[in-house]
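Input: a single structure, listed below in structure tokens.
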Amino acid sequence: MTAEPLSDATSNEPVSYTRQSDSWRTESDAVGSETALTASTVDPDVTTDLLGGLTIETSEDIEVPPRLIDQVIGQERARDVVTKAAQQRRHVMMIGSPGTGKSMLSKAMAELLPKESVQDVLVYHNPNDGNKPKVRTVPSGNGKRIIEAHKAEARKAGQFRSFLMWGLIFVVLGYSILVAGELLLGILAAGILFLMFRYGSRRRSGLIPNLLVSTDSESTAPFVDATGSHAGALLGDVRHDPYQSGGLETPSHDRVEAGGIHKANKGVLFVDEINTLDLRSQQHLLTAMQEREFSITGQSERSSGAMVKTEPVPTDFVLVAAGNLDAMANIHPALRSRIKGYGYEVYMEDTVEDTPEMRQKYARFVAQEVAKDDRLPPFTREAIAEVVLEAQRRAGRKGQLTVEFRTLGGLVRVAGDVARSEDATVTTRDHVLQAKRRARSIEQQIADDYIERRKDYDIAMADGSVVGRVNGLAVMGEDSGIVLPVMAEVTPSQGPGSVIATGKLQDIAREAVQNVSAIIKKHSGTTLHGRDVHIQFVQAGQGGVDGDSASVTIATAVISALEGIGVDQSTAMTGSLSVRGDVLPVGGITHKIEAAAKAGMSTVIIPAANAQDVMVEAEYREMVDIVPVSHISEVLAHALDGEPETDSLVARLAEFTDTVFDGVGRGGSPSPQ
């Protein structure tokens, strides 16, 4: 999505967004004294530019690159790092949001590593010490042949021993019956011979080596996903043996199990959510990386396998550690130092610039998902364009596309499933629109249900005028907007007066209330001495309120209560607020506007800097007027009822705070968080 900045966010000229090919442009039409944003319906036939100029009929016309590294979209920096790391066999740490391509890049790295150096690993019985099995590495594919050769030799030896055993048994039985005349003694002697031969045969068959790691079926260098692995699965283990003596025990080398670090030898070991590994496992992982070999022993102290420890097993892998930003706090410092000193760290992008070339790649992404699933009908050009449009919406920023492809791929698969359920030969735009309704997140379903319940109990108000009550807007999760009323009340105080807020406020929200307090004290013509200002976030829920996007809402509610001027309940608002009264941008603007529309609001006040980020769904575009503002005085002018009182208040506020400025905001305003 691209958009031109508003030329004058505080003028009386209304502003509207109209879709023209690949951009949202600004138009000015005189509509009284209101400043509003509306968005016209997207023409489903205008899809050429949404596809970056591709001339296709369906996704079948798009060629999918055979290599995974060439299928990666929107992570150019990470792709370059992975390519270099594969060439030099360097470790990589990828930090970023889920679904941005970390595992795909790791698999692509395995394809780039040389296959020729891959090895099989065998474990042999140690005749000198049964608890210290020997380890041998052989070229890929030779392991199975060696095992088969040992088994063939064991079969031949077993046949000879069986022939010899039965021959001796017949001789003993014949002698005892025909010569000695002692049948019972002959049967006893024959039984002893049978047990002796069987015991010896069992011990000899236990000398066949154990194929610990087999790589002959690998078409590329090994790729092992060790995400969430416990210590045994990651580091290797030795199975417990309930029969530990008497000739019934399993040889120790036969009980050895390879871990992820051993299976990834000469390949890639991928560990997502690296911070979930306990520190002991991280320390052992570091040792395996440094020494490039790691012995296998029993991981349970009470297991008989704890007595077994093999010779060192090769662990010459490339580690790709991944996680969210909060994972950095729980990574072992030495492990991170090893990665940083002998590899690369890369932060994954959340969005990518919206260009025609990138839109072509997003069209290819749809083709890739259809090809991977192998059960979805091909997508029409219009259906692909709707997916690209959704990528614009989910980016939440002008001129950007989201790179959280996991959720976007989920939309593609749901749309394909809808088409299959209708026995359609292709997936159309209507199928994608149905999928968007069906594939709502849990947070969105909760938010929609919450809005409906509030309608039933008259908690939400969409008309009339109420003093000290404002319809604020918030976001649940990442893609779910909700209307969150804020109420303010002024009461006598026995002390100097204070601002008291309730609703399980988190740190950022409490700081926002403090900033609002500064504005209130500055604008008020009378002192707050002897008065308390109570602020309540109505039904904020167990999670409480986090973030500062309710600052504008709080300020409006408190000023309304102080001045005794009603607030128009058909208006909802969102925005951060500086201590000087500037309205600053916030995140989730599109989802908040849609929530206001669902709740029956007719006007939504947003920061002017966010006007370019509006990507409202077609069904909500005609339901609300969007008013961009840059200063708290503009918010009050639109939200408060009673023109004489409001005009006086706005003028007084502007005088106390600062001169109302033009444009979309002062330089240096922070990006929405």
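The values are calculated or read from the model by the stated rules, or taken from the named source; none is laboratory data. Note that the structure is predicted; figures quoted are calculated from it, not measured. Glycine also receives a Cβ, built like all others from the backbone with ideal geometry; neighbour counts cover every protein chain displayed. Heads up: the accessible areas ignore ligands, DNA and RNA and are worked out on the full protein's heavy atoms, side chains in. Shrake-Rupley method; radii C 1.70, N 1.55, O 1.52, S 1.80 Å.
Take the residues in the range 420-446 that are of a type in the set (A, V, I, L, M, F, W, C) and under 18 Å from Val388 (Cβ atoms); name whichever of them is surrounded by the fewest Cβ atoms within 10 Å (Cβ to Cβ). Break it down stepwise before answering.
Applying the first criterion (of a type in the set (A, V, I, L, M, F, W, C)) to the range 420-446 yields 424, 426, 432-433, 435, 439, 442, 446.
In the following step, the residues that additionally are under 18 Å from Val388 (Cβ atoms) were identified as 426, 432-433, 435, 439.
Numbers: Val426: 16, Val432: 28, Leu433: 19, Ala435: 24, Ala439: 18.
It comes out as Val426.
Return yes or no: is Ala108 closer than 21 Å to Leu211 by Cβ and free of Cβ contacts under 8 Å to residues at least 60 places away in the same chain?
Working: closer than 21 Å to Leu211 by Cβ: no; free of Cβ contacts under 8 Å to residues at least 60 places away in the same chain: yes.
It is false that Ala108 is closer than 21 Å to Leu211 by Cβ and free of Cβ contacts under 8 Å to residues at least 60 places away in the same chain.
Among the numbered conditions (1) at pLDDT 80 or above; (2) open to solvent by 30 Å² or more (accessible area, probe 1.4 Å), tell me where Val172 comes up short.
Against the list (1) at pLDDT 80 or above; (2) open to solvent by 30 Å² or more (accessible area, probe 1.4 Å), Val172 comes up short only on (1).
Name the residues in the range 578-623 that are part of a strand (DSSP E or B) and open to solvent by 10 Å² or more (accessible area, probe 1.4 Å), would you? Full working, then the answer.
Keep residues of the range 578-623 that are part of a strand (DSSP E or B), which gives 582-584, 603-607.
Listed by number, the residues that qualify are Asp582, Leu584, Thr603.
Could you tell me whether any residue of the range 312-327 is closer than 30 Å to Gly260 by Cβ, assigned by the TED database to the domain that holds Asn265, of a type in the set (D, E, K, R) and out of contact with any helix residue (DSSP H, G or I) (no Cβ under 7 Å at 6 or more places or on another chain)? Give the derivation first.
As a first pass, look at the range 312-327 and keep what is closer than 30 Å to Gly260 by Cβ: 312-327.
Pick out the ones that are also assigned by the TED database to the domain that holds Asn265 and you get 312-327.
Then keep just the ones that are of a type in the set (D, E, K, R); that gives 316, 326.
The next check asks that each one be out of contact with any helix residue (DSSP H, G or I) (no Cβ under 7 Å at 6 or more places or on another chain); those that pass are 316, 326.
Yes, because at least one residue in the range 312-327 is closer than 30 Å to Gly260 by Cβ, assigned by the TED database to the domain that holds Asn265, of a type in the set (D, E, K, R) and out of contact with any helix residue (DSSP H, G or I) (no Cβ under 7 Å at 6 or more places or on another chain).
Being aliphatic (A, V, I, L, M), modelled with pLDDT under 80 and touching an Asp or Glu at 6+ places or on another chain (Cβ under 8 Å), is that true of even one residue in the range 535-548?
no
Please find, among Ala383, Ala334, Ala288, Ala329, the residue that is touching a residue at least 12 places away in the same chain (Cβ under 8 Å) and within 29 Å of Gln71 (Cβ to Cβ). Break it down into steps so the answer makes sense when it comes.
Values: Ala334 fails: within 29 Å of Gln71 (Cβ to Cβ); Ala288 fails: within 29 Å of Gln71 (Cβ to Cβ); Ala329 fails: within 29 Å of Gln71 (Cβ to Cβ).
From the options Ala383, Ala334, Ala288, Ala329, the qualifying one is Ala383.
Does Gly564 satisfy being closer than 24 Å to Ala447 by Cα and open to solvent by 20 Å² or more (accessible area, probe 1.4 Å)? Break it down stepwise before answering.
Details: closer than 24 Å to Ala447 by Cα: no; open to solvent by 20 Å² or more (accessible area, probe 1.4 Å): yes.
Answer is no for this residue.
Which residue, of Phe405, Phe365, Phe379, is under 30 Å from Arg90 (Cα atoms) and buried (at least 23 other Cβ atoms within 10 Å of the Cβ)?
Details: Phe405 fails: buried (at least 23 other Cβ atoms within 10 Å of the Cβ); Phe379 fails: under 30 Å from Arg90 (Cα atoms).
Going through Phe405, Phe365, Phe379 in turn, the sole match is Phe365.
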